[in-house]
Amino acid sequence: MQRNLTTLAIALTTFLTLCAASGMAQGVQQGFFDFEWEDSTGKIWLAIDDQLDQEFLYVNALSAGVGSNDLGLDRNQLGDDHVVKFVRSGPKILLVQSNYDFRAVSDNPREREAVREAFARSVLWGFKREERNGTGYIDFTPFLLRDAHNVAGRLEQSNQGAYKVDASRSAIHLPRTKNFPDNTEFDALITLTGKPKGGFIRSVTPSPDAVTVHMHHSLIRLPDDQYTPRRNDPRSGYFGISYYDYATPIDQPLEKRYIVRHRLEKKDPSAAVSEAVEPIIYYLDPGCPEPIRSALIEGASWWNQAFEAAGYRNAFQVRVLPDDADPMDVRYNVINWVHRSTRGWSYGSSIVDPRTGEILKGHVLLGSLRVRQDFMIAQGLASIFENGDEDPGSLTDLALARLRQLSAHEVGHTLGLAHNFAASYNDRASVMDYPHPYVKLTNGQIDFSEAYDTGIGEWDKRAIIYGYQDFPDGTDEEAALRAILMETQGMGLRYISDQDARPSGGAHPVAHLWDNGDDPVAELERMSEVRRHALERFGTETIREGTPMAYLEQVLVPLYLGHRYQVEAVAKLIGGYAYTYAMRGDGQEPISPVPADHQMRAVESLLQTLSPEFLALDQEIVATIPPQPVGFGRHRELFKTWTAPVFDPLAAAESSVHHTLSFMLHPQRLARLHNVSAYEDGYPELSEYLDLIWERISGFAATGPVHRSLQQMVEKQMVHHLLKLAGDPSIARQVSAAALYKVSEIEAQKKLYFNANETKSGRAHDLYIISLFEDFSANRAAFKLPADTPMPPGSPIGCSGMEHLH
């Protein structure tokens with residue numbers, strides 16, 4: 001689809017835009033779909049006679065949102081896209097969605113028809129054709145004034161209340177209703193009314209019984225047939241489309257897979273380096289302030305380095321969106337600056353032609369509060385306010401460095417790229433990873449100089465070469481693409497994406513979120529030393545003069561829990577397997593267990609995070625944090641407390657312990673440990689692993705009342721986890737059995753030594769564990785463990801995915 005308009009078309013577009021913006025009351029607005037605004041009735045009449053039976057792309061969006069990260073209803077959020085067409089039957093006009101999931105790519109029309117008739121289509125709406133000015137129109141207003149983005153459904157799913165559209169409080173929004181040669185844009189002010197139930201909607205809506213948003217509708221001309229889809233290989237690093245082609249020979253896969261990408265062609269495909277026929281241009285939201293604006297432009301512009309590696313000159317550009325342009329206009333790839341009431345994820349999405357995988361519009365949403373979270377992380381680490389009013393330049397620099405990387409990351413998604421969570425293993429080889437700030441100790445001082453990488457990574461360049469290389473005529477494209485992948489493999493670059501890198505029961509030893517380096521254990525030990533140093537300095541110098549002292553608790557959270565993501569990385573070594581997206585004949589090793597000595601090294605490293613020395617907060621820190629002042633209150637960014645309103649350092653430790661044990665005792669991880677010991681020599685049995693953990697945590701030296709309390713808390717947490725495993729019928733039976741046996745051993749041990757315990761607190765601790773097991777044994781079905789002590793929210797600590805919408 002041509003995106004550069006001719007001079008005449010530009011003039012026409014400018015005229016129409018000005019007319020729409022000025023609120024023209026009557027008259028046909030000419031463009032892709034001609035339409036007429038009827039001011040007396042508030043209706044949109046859409047001309048359809050010339051477009052009957054012609055497929056186009058329909059996309060809905062939320063042009064003005066709710067402002068809550070928890071609800072996920074953000075400004076300029078894209079919704080669903082559909083290939084549709086208007087079909088006439090007498091006076092009826094039906095909007096019919098085609099089914100491109102099942103096709104027959106064949107020259108035989110009867111073969112194509114057989115597949116079309118085998119699978120259902122969807123009629124999205126019905127209209128009545130009416131004659132106006134000698135041609136057929138439909139009243140498009142009811143279609144536009146519905147809850148197209150399913151806001152009511154999202155509110156109900158989030159337990160915020162039951163809402164429905166109030167037609168009397170909804171209307172067409174003319175300033176953003178416009179027409180262009182290749183797309184027609186409608187905007188509607190939609191009010192949903194109901195009885196609010198939840199706190200999320202109450203916190204962001206002035207009158208929560210009436211939630212007013214804007215929904216956008218785009219009718220888009222489908223591109224021409226000059227785009228060539230590119231095969232999606234599991235090793236390439238791309239998102240893709242897929243469909244079932246029933247014309248495929250029986251010796252070939254029925255499902256076809258292609259990457260999603262922008263159309264990009266060299267002016268001279270035979271040249272090693274050439275300008276593009278039409279460059280890819282991204283536009284930044286002009287509502288973004290400085291210095292954030294410059295940081296986002298710089299970060300997004302890094303992608304030009306990758307396109308240069310693919311043989312293009314100046315093929316990727318970033319500009320500020322013109323004042324007269326609408327970010328919902330399909331002609332613009334846009335980086336939106338989105339405000340919410342709480343910090344949250346950023347997103348990179350695209351409008352894609354589902355027939356071919358061609359990206360028609362890149363659409364980035366960047367949450368504005370993320371930069372403040374990064375500033376606060378740096379604030380807790382550095383404690384620079386010795387006099388109370390120092391220039392926070394170094395803290396701001398770290399936050400802006402993260403924004404550059406975030407901008408590049410999300411734009412990468414809109415170029416078609418998936419996450420690469422193994423990039424940290426290859427020395428930050430991709431911006432498509434989630435980077436944790438790499439903070440060093442240099443001469444006994446916190447050093448932010450290498451916190452985030454700059455520029456595009458080596459993996460990113462290789463991925464763009466695969467997706468966007470324009471091969472000269474006569475090239476065997478399949479062979480050339482295989483050669484690119486083999487060359488990438490030969491460079492030692494690793495690629496592992498979401499499904500194999502997410503935490504919890506993940507098994508891959510080098511694919512992690514928010515980690516650094518190629519040795520997870522060494523990095524946890526290094527980070528623990530940085531954490532220890534920062535905690536020694538933490539106190540009044542951490543915050544500016546004039547800041548409530550209670551704010552120290554919020555700054556303490558990401559510092560005290562700064563090891564949380566590296567714990568996840570280290571835990572994946574336990575019961576871990578190294579594997580690749582291997583293809584037959586590519587020489588990659590498909591899968592192998594992590595060596596036993598590496599696994600045991602990981603266990604020892606994680607056990608250190610359960611020690612009283614690691615968990616205890618100094619009295620000096622506790623003495624600086626008062627309860628929240630009037631009007632502030634406790635919130636989810638703070639630690640849970642059993643001592644309200646006073647800060648609870650033991651509860652903070654409890655949340656950290658629960659986190660570590662959740663990963664060390666994850667049922668899938670334990671099942672893998674059992675299996676590998678059965679198949680491989682030299683690996684400990686599952687019961688030996690549980691014995692080791694209990695032996696170590698029960699043997700920690702308790703040098704005082706704080707350490708003794710922490711040790712007892714760790715023991716209680718482990719017993720909780722074991723009982724949960726023992727009573728879970730959905731996990732591997734051998735895991736439940738091993739957990740049951742271990743907790744029975746612990747109970748017997750506590751009974752044996754109960755009377756010998758020298759302190760009442762020690763006997764109370766032993767009795768608690770004995771009673772838990774007795775209650776569990778008496779009635780497993782009715783047995784309930786105490787509620788877990790959760791950590792305050794972590795992701796995103798300053799990076800992007802509820803990620804990634806893809």
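The values are calculated or read from the model by the stated rules, or taken from the named source; none is laboratory data. Predicted model only: the values in this text are computed from it and were never measured. Cβ placement follows ideal geometry from the backbone for every residue including glycine, while neighbour counts extend to all protein chains displayed. Ligands, DNA and RNA are stripped out before the accessible areas are found, and what is left, the full protein with its side chains, is counted by its heavy atoms. Shrake-Rupley method; radii C 1.70, N 1.55, O 1.52, S 1.80 Å.
Residues are listed down the side, and each one gets a yes or a no for (1) touching a helix residue (DSSP H, G or I) at 6+ places or on another chain (Cβ under 9 Å); (2) within 27 Å of Glu695 (Cβ to Cβ); (3) open to solvent by 70 Å² or more (accessible area, probe 1.4 Å):
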residue: Glu529; (1), (2), (3): no, yes, yes
residue: Leu559; (1), (2), (3): yes, no, no
residue: Ala569; (1), (2), (3): yes, yes, no
residue: Gly575; (1), (2), (3): yes, yes, no
residue: Ile591; (1), (2), (3): no, no, yes
residue: Leu610; (1), (2), (3): yes, yes, no
> Residues Gln405, Gln373: which one is part of a helix (DSSP H, G or I) and either modelled with pLDDT of 95 or more or open to solvent by less than 10 Å² (accessible area, probe 1.4 Å) (or both)?
Replying inline: Gln405
> Filtering region 250-284 down to residues that are among the basic types (Lys, Arg) and assigned to a strand (DSSP E or B), which residue is most open to solvent (accessible area, probe 1.4 Å)?
Replying inline: Arg257
>> Whether any residue in region 300-309 is under 25 Å from the mean Cα position of the chain (by Cα), modelled with pLDDT under 95 and under 30 Å from Thr177 (Cβ atoms) is what I want to check.
In response: no
>> Between Val555, Val603, which is more than 28 Å from Ala378 (Cα to Cα), open to solvent by less than 10 Å² (accessible area, probe 1.4 Å) and under 32 Å from the mean Cα position of the chain (by Cα)?
In response: Val603
>> Where the second residue is among the polar types (S, T, N, Q) and the first is open to solvent by less than 20 Å² (accessible area, probe 1.4 Å) and lies in region 336-347, which pairs have Cβ atoms under 7 Å and are six or more apart or on separate chains?
In response: Asn336/Asn76; Trp337/Ser368; Val338/Asn76; Val338/Ser368; Gly344/Asn69; Ser346/Ser800
> Are any residues in region 44-92 assigned to a loop (DSSP other than H, G, I, E, B), closer than 24 Å to Gly198 by Cα and open to solvent by 10 Å² or more (accessible area, probe 1.4 Å), and if so, which ones?
Replying inline: Gly65, Val66, Gly67, Asn69, Asp70, Arg75
> Which of the residues belonging to region 729-763 are open to solvent by 50 Å² or more (accessible area, probe 1.4 Å) and acidic (Asp, Glu)?
Replying inline: Glu745, Glu758
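Residue-by-condition table, conditions (1) in a loop (DSSP other than H, G, I, E, B); (2) under 26 Å from Phe200 (Cβ atoms); (3) of a type in the set (Val, Ile, Thr):
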{"residue": "Pro327", "(1), (2), (3)": "yes, yes, no"}
{"residue": "Val330", "(1), (2), (3)": "yes, no, yes"}
{"residue": "Thr342", "(1), (2), (3)": "yes, yes, yes"}
{"residue": "Thr356", "(1), (2), (3)": "yes, no, yes"}
{"residue": "Leu360", "(1), (2), (3)": "no, no, no"}
{"residue": "Ile384", "(1), (2), (3)": "yes, no, yes"}
>> Quick test for you: out of His720, His707, pick the one residue that is touching a His at 6+ places or on another chain (Cβ under 9 Å) and either under 22 Å from Pro790 (Cβ atoms) or assigned to a helix (DSSP H, G or I) (or both).
In response: His720
> Going by the conditions given, is Asp323 over 30 Å from Tyr100 (Cβ atoms), in contact with a strand residue (DSSP E or B) (Cβ under 6 Å, 6 or more places away or on another chain) and open to solvent by 50 Å² or more (accessible area, probe 1.4 Å)?
Replying inline: no
>> If Ala104 satisfies all but one of (1) in contact with a strand residue (DSSP E or B) (Cβ under 6 Å, 6 or more places away or on another chain); (2) open to solvent by less than 30 Å² (accessible area, probe 1.4 Å); (3) of a type outside the set (Val, Ile, Thr), what's the number of the condition it fails?
In response: (1)
> Do we find a residue being at positive phi, surrounded by fewer than 24 Cβ atoms within 10 Å (Cβ to Cβ) and of a type in the set (D, E, K, R) anywhere in region 391-399?
Replying inline: no
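Rundown of residues vs (1) surrounded by fewer than 18 Cβ atoms within 10 Å (Cβ to Cβ); (2) closer than 25 Å to Val622 by Cβ; (3) acidic (Asp, Glu), yes/no style:
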position	(1), (2), (3)
Gly455	yes, no, no
Ile465	no, no, no
Gln469	no, no, no
Pro472	yes, no, no
Pro503	no, no, no
Leu535	no, yes, no
Phe538	no, yes, no
> Of all residues in region 109-140, which are open to solvent by 60 Å² or more (accessible area, probe 1.4 Å) and charged (D, E, K, R)?
Replying inline: Arg110, Glu111, Arg112, Glu113, Arg116, Glu117, Arg121, Lys128, Glu130, Glu131
>> Name the residue that is nearest to Gly126 (Cα to Cα), counting only residues in region 143-177 that are in a loop (DSSP other than H, G, I, E, B) and touching a His at 6+ places or on another chain (Cβ under 7 Å).
In response: Ala148
>> Being surrounded by fewer than 18 Cβ atoms within 10 Å (Cβ to Cβ) and either aliphatic (A, V, I, L, M) or not in a loop (DSSP other than H, G, I, E, B) (or both) is true for just one of Ala247, Ala295, Ala306. Which residue is that?
In response: Ala247
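Conditions tested, residue by residue: (1) within 28 Å of Tyr238 (Cβ to Cβ); (2) open to solvent by 60 Å² or more (accessible area, probe 1.4 Å); (3) touching a Cys at 6+ places or on another chain (Cβ under 9 Å); (4) modelled with pLDDT under 95.
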{"position": "Pro435", "(1), (2), (3), (4)": "yes, no, yes, yes"}
{"position": "Tyr438", "(1), (2), (3), (4)": "yes, no, no, no"}
{"position": "Glu450", "(1), (2), (3), (4)": "no, yes, no, no"}
{"position": "Arg462", "(1), (2), (3), (4)": "yes, no, no, no"}
{"position": "Asp476", "(1), (2), (3), (4)": "yes, yes, no, no"}
{"position": "Arg482", "(1), (2), (3), (4)": "yes, yes, no, no"}
{"position": "Leu485", "(1), (2), (3), (4)": "yes, no, no, no"}
> Would a scan of region 202-217 turn up a residue that is in contact with a strand residue (DSSP E or B) (Cβ under 7 Å, 6 or more places away or on another chain), under 30 Å from Ser430 (Cα atoms) and open to solvent by 30 Å² or more (accessible area, probe 1.4 Å)?
Replying inline: no
